[in-house]
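**Student:** First, the structure itself, so that you have it in front of you.
The values are calculated or read from the model by the stated rules, or taken from the named source; none is laboratory data. As the structure is a computational prediction, the values presented were derived from the model and not from experiment. For neighbour counting, all protein chains shown are included, and Cβ atoms are generated from backbone atoms with ideal geometry for every residue, glycine included. SASA here: full protein model, heavy atoms, side chains in, ligands and nucleic acids out. Shrake-Rupley method; radii C 1.70, N 1.55, O 1.52, S 1.80 Å.
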Amino acid sequence: MANTENIADNTHINNDFERVYPPQPIPPGPALWFPFQKQRFLVKAQGQNITLLQGEKNLLANIKHEELLYFGRFKGQPCIACAIDPDETLPAGWKAIGLRELYSQLSGIEYNIATYASQLINWHQTSRYCPVCGSPMVSVEGGWGRTCTRGDYTGYPPVIPAIIVLIHDGKRMLMAHKPGWGKRYGLIAGFVEPGETLEECVHREVKEEAGIEIEELQYMNSQPWPFPSQLMVGFMARYKSGAVEPQDNELDDVHWFSPDALPELPPPSSLAYILISSWLKQYGNHK
Ligand SMILES: [Zn+2]
């Protein structure tokens, strides 16, 4: 059963982290490090315990790496992101962890900062050359933008919106199943198309995937989903009309579940889980 006590704090504003935009020199003194090697986050490991890497500006002095990105301050300490050369051997006591596994091992805010760092590194690695003419790109002053040295293109770190919606009829919620998900069910979700509002996208996806009409569409919360750069936008809606039936090849089952007979739920780190939990709080027989 969903436990609303364990919901990650990633939908709330956290004032401990403050974004810093380039270009700014890295301040002297201790810093928190967010290095990645082959898309895996590097942490300090002592037995089962992992913590963020902490150290002076020269922490990576003997390790082959790319440009240091000073991107924020966490509780006043500078945060530095950096891509480590894939062939480098890691110092003793360091451990590389994939972002998906990392979720359960760091505090919500530390995990969110790590995913921000991963997206900035990814952006730097994919914006070296102009997509129009192939010339080198350089950083734009005052932000994370990158511009072509010949002046024909400027780009920014991508954020790709996708919607996810919990549909209910007051007693049951609609859940969907994709081939390969095993026993787990999720919610209706999909990418926003160019020229579409978020609301239009929800109505379209629901029609396309479940064949029904909805009403009382309400925004709930959002969550960055760094695989690699999505922003999930979560809604709740009430069933209006139509027969529920999977409409496209993406889903192999869509049906109603009541709170006392739920299937296996999405992982607690997901926005789907957060939406399901808030619906259960409102409509379920929560003890
Ligand atoms: Zn160009």
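**Student:** Mind checking which residues of the stretch 151-166 are surrounded by 13 or more Cβ atoms within 10 Å (Cβ to Cβ) and within 8 Å of the ligand (Cβ to nearest atom)?
**Tutor:** The one that is surrounded by 13 or more Cβ atoms within 10 Å (Cβ to Cβ) and within 8 Å of the ligand (Cβ to nearest atom): Y153.
**Student:** Determine if the stretch 220-231 includes at least one residue that is among the hydroxyl-bearing types (S, T, Y) and outside any strand (DSSP E or B).
**Tutor:** Yes, that holds for at least one residue.
**Student:** Could you please let me know if E208 is over 23 Å from the mean Cα position of the chain (by Cα) and free of Cβ contacts under 8 Å to residues at least 40 places away in the same chain?
**Tutor:** No.
**Student:** A further question on this structure: Under 6 Å by Cβ, and 6 or more places apart or on different chains, what pairs join a residue from the stretch 108-131 that is within 16 Å of the ligand (Cβ to nearest atom) with one that is assigned to a loop (DSSP other than H, G, I, E, B) and open to solvent by 10 Å² or more (accessible area, probe 1.4 Å)?
**Tutor:** C130/Y153
**Student:** Which residue is farthest from R146 (Cα to Cα), if the candidates are limited to the stretch 52-72 and must be part of a strand (DSSP E or B) and open to solvent by 70 Å² or more (accessible area, probe 1.4 Å)?
**Tutor:** Q54
**Student:** Quick one: what pairs do we get from the stretch 133-162, first residue without any contact (Cβ under 8 Å) to a residue 12 or more places away in the chain and under 15 Å from N122 (Cα atoms), second open to solvent by 50 Å² or more (accessible area, probe 1.4 Å) and more than 10 Å from the ligand (Cβ to nearest atom), C-beta under 7 Å, 6+ apart or different chains?
**Tutor:** G145/Y156
**Student:** Limited to the stretch 108-150, what total is found for residues that are out of contact with any Lys or Arg (no Cβ under 9 Å at 6 or more places or on another chain), of a type in the set (A, V, I, L, M, F, W, C) and open to solvent by less than 20 Å² (accessible area, probe 1.4 Å)?
**Tutor:** Adding up the residues that qualify gives 6.
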